[in-house]
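The values are calculated or read from the model by the stated rules, or taken from the named source; none is laboratory data. Note that the structure is predicted; figures quoted are calculated from it, not measured. For neighbour counting, all protein chains shown are included, and Cβ atoms are generated from backbone atoms with ideal geometry for every residue, glycine included.
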Amino acid sequence: MDINPILLLAALMVASTPILLAAIGELVVERAGVLNLGVEGMMIVGAVCGYIAGHSSGNPYFGFVGAACAGAVVSLVFAVLTQFLLTNQVATGLGLTMFGLGLSSLIGQDAVGSPDLTVAKLSFPILSDIPVLGPILFRHDLMVYLSIVIVAGVWAFLKYSRAGLILRAVGENHEAAHALGYNVRRVRVFAILFGGACAGLAGAYISLVRVPQWIDGITAGAGWIALAIVVFASWKPWRLIAGAYLFGGVTVLQLNLQAEGLKIPVEYLSMAPYLATIIVLVMIRAGRAPASLGKPFHPSS
Amino acid sequence: MLRLEKRPQPSRAWTYGAPVLAVILTIIFGMGLFAILGKDPLIAIKTIFWDPIFGPFAHFYRPEIVKKAAPLVLIAVGLSFGFRAGIWNIGAEGQYIIGAICGAGVALAFYPMEARWLIFPLMIVVGLVGGLLWAMIPAILRVVFKTNEILVSLMLVYVAEVLIKAFSIGLLRNPEGFGMPGSRNLRQYPSAANLDLIPNTGFHWGALAALMAVVAAYILFTRHQFGFNVRLAGQSPRAAGFAGVNANRLVILCMGISGALAGLAGLFEVAGPSGQILGSFPAFYGFTAIIVAFLGRLHPVGILFAGLIMALTYIGGQAAEAQLNLPAAAILTFQGMLLFCLLAVDVLTNYRFKFGQREAR
Amino acid sequence: MKLLELQGLTKAYPGVIANSDVSFDIDKGQIHAVLGENGAGKSTLVKTIYGLVRPDKGQMLLEGAPFAPTDPRSARAAGVAMVFQHFSLFDAMSVAENIALGMENPPKTQDLATQIQAASENYGLPLSPDRIVGDLSAGERQRVEIIRCLLQNPKLLIMDEPTSVLTPQEVDILFGTLRLLASEGTSILYISHKLQEIRALCEHATVLRQGKVVGTFDPREMSNRDMAEMMVGKTLTTPKRAAVTTGQPLLQVSGLSAPSPHQFGTSLKEISFTLHAGEVLGIGGVAGNGQDELVAALSGEIRTSDDMILLEDQGIGADGPNARRALGLCAAPEERNGHAAAPDMSLVENALMTAKTRLSLLKKGFIDWPRSRAFAQEVIARFDVRTPSPETAARALSGGNLQKFVIGREIIQNPRVLVINQPTWGVDAAAAAAIRQALLDLASAGSAVLVISQDLEEVLEITDRFAALNEGTLSQAVPTAGLTMEKIGLMLGGAHDLEVAHA
């Protein structure tokens, strides 16, 4: 047994980033009172579109922008169906996941990549050279830091801004928000689009950095784990980081153990992230969900 | 400006009309999709929807449609109980896989003994119980710990997929299979084979089970207290509590029924059309059945028709793949669009569109 | 000097004309009442003024200029503020956040807190900006709404049925605040169906009936009876009952304690009372003091230990709703749509919902539809429920008709004990009279009736004994005869913490 803890922790941050990105988007959606179970579908469409945009332009950041746009476009379908045609959010979210899996595979059938497209690792003067902490924290690519910046931004937005206050109000009691004159649907549509864009980014991070390759079904349940982490975090942004890094840790450890050729068969090790999700869901008493979560709203009264 | 207005009563006409409209809309959108893919849309639609039933090779396709429809209907009927009650078992795919592993495990344990009167019924029971127990995990976690059953049942699908891969190269691998992954083929083991009851129709034991499930569900929903309680709990949970419906028992029962039927579907599939435990055994039936359940409006008879239509898109899709080189993923996308259209037109049942001045938002 | 002029406002919904040619004026600094029964069109009218509803015809003038708000925010910008009957508050948020949400340009958090403090002292409405709204009492929640309005210095303040959540003492204090506001030049549009209040507070009143203005007058110069007849359109008979003969105890509740199943609910603490055959016991209280929890504990939706509730000396505290129904305890919760009845189900299915046990509508779990339908038809016929057919969805019925159906459904089952929460809430006067009479008849026939109500006049009218529910505890029951509003108010907890602040 010979696993380098520094490399392990550094890999953990990379493995956690897609889950964190998808989860922070979904957190905003749920705080607005909408349950979008289509994270996996939006992610995988983001993954393929990001891959194609990145490789065809030769610039990975183009890929990320393209993925965010693709994720938002796909989420628009969900927004129209649930907010204007009042469809069941659970069923629509599931439909979005299936649709996304099919669509991504369709889009990606001829996708070709160039081997030399890489996302640069940043290096910070002094910080990156600190022993132990340097390689763990300060030698990652831009998206790792961006994901944390987005979490901080969402936290500040929800806590301090007027728009954040309105978004929370809509998620808490849409009838009252409507009675006060706020446009419940508009707030929710924007939240859903933000969630879609974040899921798209998350997908692109998998296909451009983490794997990096396009394969059918590449997200392999990461979108669902992101949904679980939102519950785990009790809808609080900072706790998402803990949740995402926990799952990243399980994944990385599991991969390392596989590589070490441990006695446990590979198959059983690869169950670990899914079993860990279930165990965490059971052990963590979920906090209070937004009161209007998942309920349809029709401004009729 | 177009706006929605709630109907005082659900519209009866649209209850039946909506699924038909959804299918038509999907065909229109699908034609657009096929055109984008560079295929002649009319030919593609004809290949998918017409040829398998009425075309020159229909005698070959029709039994295949029945074989595809059987597990879809069986699973979807089970899911319809939970979905009507607001209990979301999304992991039918996992229960289907576990049912197959358990049923095949029983058969392979007896191999090569010949005793169909014992082995086949035992397989059915064990497959059913396997799916049921797999579904009990999210059910019990929800009842005891209030854990979200959507996420847990879904995570268990990934676990089940890992398990079947492990079994196909481990415990259940065919010892005479030259080291290839996969179990013995149960179709070649007379005591365990699930063959057509009427030769060359595709109507195997699973199709019979699906029909029985449709009839039983119809009776439960229209005449029995249990079906009434399921509907009540789904529409008005507080009213259900007031009427004395035990919410926890309902979770256990609904998850149990859907798990058991999904397990049965898996068992009949592994003993029949598929024949062996293999890493590629999971065929997305558990997920497609969700679409089937909604397309059938969670009504047993509707589900029967929806299952046949969905099976048709599979078989027609395979034909289009072979003849027109249509990518397999196109059919998955097409099925997703079908679900979207269905959910979207459903709004007409409870709302009507009105032109007129807009109310304050 | 006119502040707001309404000219010929008309608004139709499918099947009903909510407002028909409504015209009247409100002067500056005037307290103007709009009076009418449930369904007379009061809500639609105030929603029109507040920009939530657009009229089909007619116009409004505010200080002489045309006023057509497209949404509540433009109404607020023009100086119109509104306190809702069902509060537009956010439980999980703080008082300050709630108030900020109701303002167009809220100041910084710190300044807002100071302003809240200042307003609450000026108007005698104590309120702490940091508290979570879900933890507040109904009266305190109303203060949040009022202060939210006052901080915007409105020209017109709309109050929609504000007193249903207040004790009589709190009502007096509220009226003091409103008079102070009016003297400072704010106009107040006061919506109510309670005649006493309007007489005590308002100089001008407009009566709506079936969407039309049927009279404008000075309420201090009209008798209650005349106002009531103008409002209802016909002479009402007060419910009558045969002489009270109280029999043996049927329901004994002792030391009933139960936590609330809801995060912001009220737990029940050591509740004890006895209900006798032939008796109507009234439990009064301001909303949110444990009424829902008490009904749930009695109906069987909340289970307790067996001996906390005895029905004819048999412990039933651990039984579920159907076991209790079998023994003769029936209940009707407050919320009709979604609790007492399933809105999307037909009346036949709704009849089956609670009657299956006592009327044996099930055979080995299979439903006897013909007999269920016959039972639904019996309820419809005996309780004069206006519906096209028993197959109609419950949500298509008006509030009064659905309430008659819900109560009729329980009464026809001939319960030994009937527990009922807010029997006439949101019901028109004729239906309310019929419901009250039916409850009295049930008691006269030897059953025991427990009426939980926030309408104190109703409690005084139909009950034999009265007890007050206050923060989950129940007072000793006293005979209703001889009780005054003043006394009831004190039993309900007086003015809570308000008196101190106002002194």
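The set of residues in the stretch B:223-251 that are among the aromatic types (Phe, Trp, Tyr) and over 22 Å from residue B:136 (Cα atoms) comprises B:228, B:242.
Those helices (runs of 4 or more DSSP H) of the stretch A:36-155 in which 2 or more residues are at pLDDT 95 or above and buried (at least 17 other Cβ atoms within 10 Å of the Cβ) occupy A:39-57, A:60-79. Please verify whether residue C:81 is modelled with pLDDT of 90 or more, outside any loop (DSSP other than H, G, I, E, B) and in contact with a strand residue (DSSP E or B) (Cβ under 8 Å, 6 or more places away or on another chain), treating the condition exactly as stated. Answer is yes for this residue. For the stretch A:74-86, state whether one or more residues are small (Gly, Ala, Ser), touching a residue at least 24 places away in the same chain (Cβ under 8 Å) and within 9 Å of chain B (Cβ to nearest Cβ). For the stretch A:74-86, residues small (Gly, Ala, Ser), touching a residue at least 24 places away in the same chain (Cβ under 8 Å) and within 9 Å of chain B (Cβ to nearest Cβ): absent.
Which residues, taken from the stretch C:55-91, are under 30 Å from residue A:168 (Cα atoms) and charged (D, E, K, R)?
Listed by number, the residues that qualify are C:71, C:73, C:76, C:91.
Just one of C:373, C:395, C:436 is within 12 Å of chain B (Cβ to nearest Cβ), surrounded by 17 or more Cβ atoms within 10 Å (Cβ to Cβ), of a type outside the set (A, V, I, L, M, F, W, C) and touching a helix residue (DSSP H, G or I) at 6+ places or on another chain (Cβ under 9 Å); which is it? Testing whether each residue is within 12 Å of chain B (Cβ to nearest Cβ), surrounded by 17 or more Cβ atoms within 10 Å (Cβ to Cβ), of a type outside the set (A, V, I, L, M, F, W, C) and touching a helix residue (DSSP H, G or I) at 6+ places or on another chain (Cβ under 9 Å) leaves just C:395. For the stretch C:83-107, the candidate set comprises residues that are closer than 17 Å to residue C:117 by Cβ and more than 9 Å from chain A (Cβ to nearest Cβ); within that set, the residue that is farthest from the chain's Cα centre (by Cα) is C:107.
The residues listed here are B:283, B:243, B:233, B:328; of these, the one that is farther than 25 Å from residue B:339 by Cβ and either within 14 Å of chain C (Cβ to nearest Cβ) or free of Cβ contacts under 8 Å to residues at least 24 places away in the same chain (or both) is B:243. Residue C:449 satisfies every condition listed in (1) surrounded by fewer than 24 Cβ atoms within 10 Å (Cβ to Cβ); (2) among the aliphatic types (A, V, I, L, M); (3) assigned to a strand (DSSP E or B) except (1). Could you list, in sequence order, the residues of the stretch B:169-187 that are within 18 Å of residue B:274 (Cα to Cα) and either charged (D, E, K, R) or within 10 Å of chain A (Cβ to nearest Cβ) (or both)? Residues satisfying the conditions are B:169, B:173, B:184, B:187. Per this entry, residue A:217 is not counted among residues that are away from chain C (no Cβ under 14 Å), modelled with pLDDT under 85 and out of contact with any helix residue (DSSP H, G or I) (no Cβ under 6 Å at 6 or more places or on another chain).
When you look at residue B:322, is it modelled with pLDDT under 90 and part of a helix (DSSP H, G or I), yes or no? Judged against the criteria, residue B:322 is a match.
Comparison of C:283, C:302, C:271 shows that the only residue that is within 14 Å of chain B (Cβ to nearest Cβ) and not polar (S, T, N, Q) is C:302.
Residue C:125 meets all of the listed conditions (1) modelled with pLDDT under 90; (2) crowded, with 22+ Cβ neighbours inside 10 Å; (3) within 14 Å of chain A (Cβ to nearest Cβ) but one, namely (3).
Does the stretch A:249-260 contain any residue that is out of contact with any strand residue (DSSP E or B) (no Cβ under 6 Å at 6 or more places or on another chain), assigned to a loop (DSSP other than H, G, I, E, B) and among the hydrophobic types (A, V, I, L, M, F, W, C)? Scanning the stretch A:249-260, I find no residue that is out of contact with any strand residue (DSSP E or B) (no Cβ under 6 Å at 6 or more places or on another chain), assigned to a loop (DSSP other than H, G, I, E, B) and among the hydrophobic types (A, V, I, L, M, F, W, C), so the answer is no.
Could you tell me whether residue B:19 is in a helix (DSSP H, G or I), surrounded by 13 or more Cβ atoms within 10 Å (Cβ to Cβ), modelled with pLDDT under 90 and not hydrophobic (A, V, I, L, M, F, W, C)? Against the criterion (in a helix (DSSP H, G or I), surrounded by 13 or more Cβ atoms within 10 Å (Cβ to Cβ), modelled with pLDDT under 90 and not hydrophobic (A, V, I, L, M, F, W, C)), residue B:19 qualifies. Summed over the stretch B:342-354, the residues that are assigned to a helix (DSSP H, G or I) and at the interface with another protein chain (Cβ under 7 Å from one of its Cβ atoms) give a count of 3. For residue C:263, the requirement of being more than 21 Å from residue C:453 (Cα to Cα), surrounded by 14 or more Cβ atoms within 10 Å (Cβ to Cβ) and in contact (Cβ under 8 Å) with a residue 12 or more places away in the chain is not met.
Each row is one residue, and each column tells you yes or no for (1) in contact with a strand residue (DSSP E or B) (Cβ under 9 Å, 6 or more places away or on another chain); (2) surrounded by fewer than 18 Cβ atoms within 10 Å (Cβ to Cβ).
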{"position": "C:26", "(1), (2)": "yes, no"}
{"position": "C:31", "(1), (2)": "yes, no"}
{"position": "C:39", "(1), (2)": "yes, no"}
{"position": "C:43", "(1), (2)": "yes, no"}
{"position": "C:56", "(1), (2)": "yes, yes"}
{"position": "C:68", "(1), (2)": "yes, yes"}
{"position": "C:71", "(1), (2)": "no, no"}
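Out of curiosity, is residue C:163 touching a helix residue (DSSP H, G or I) at 6+ places or on another chain (Cβ under 7 Å) and in a helix (DSSP H, G or I)? Yes. Once the stretch A:282-296 is narrowed to residues that are modelled with pLDDT of 85 or more and buried (at least 17 other Cβ atoms within 10 Å of the Cβ), the residue that is farthest from the other protein chains (Cβ to nearest Cβ) is A:293. Condition check: closer than 21 Å to residue B:234 by Cα, within 14 Å of chain A (Cβ to nearest Cβ), modelled with pLDDT under 90 and outside any helix (DSSP H, G or I). Does residue B:361 satisfy that? Considered against the rule, which asks whether it is closer than 21 Å to residue B:234 by Cα, within 14 Å of chain A (Cβ to nearest Cβ), modelled with pLDDT under 90 and outside any helix (DSSP H, G or I), residue B:361 comes out as no. A single member of B:181, B:199 is part of a loop (DSSP other than H, G, I, E, B), surrounded by 17 or more Cβ atoms within 10 Å (Cβ to Cβ) and either touching a residue at least 24 places away in the same chain (Cβ under 8 Å) or not aromatic (Phe, Trp, Tyr) (or both), and it is B:181. Picking from residues in the stretch C:452-496 that are of a type outside the set (Asp, Glu), more than 19 Å from residue C:165 (Cα to Cα) and touching a Pro at 6+ places or on another chain (Cβ under 8 Å), the one that is surrounded by the most Cβ atoms within 10 Å (Cβ to Cβ) is C:462. When we screen B:90, B:124, B:98 for residues that are within 23 Å of residue B:278 (Cβ to Cβ) and within 14 Å of another protein chain (Cβ to nearest Cβ), the only hit is B:98. Every condition in (1) within 14 Å of chain A (Cβ to nearest Cβ); (2) closer than 24 Å to residue B:74 by Cα is met by residue B:200 except one, and the failing one is (1). When B:139, B:160, B:107 are screened for being farther than 21 Å from residue A:270 by Cα, touching a residue at least 24 places away in the same chain (Cβ under 8 Å), buried (at least 22 other Cβ atoms within 10 Å of the Cβ) and within 14 Å of chain A (Cβ to nearest Cβ), only B:139 passes.
Only one of the listed residues (B:339, B:304, B:298) is at pLDDT 85 or above, of a type in the set (A, V, I, L, M, F, W, C) and part of a loop (DSSP other than H, G, I, E, B). That residue is B:298.
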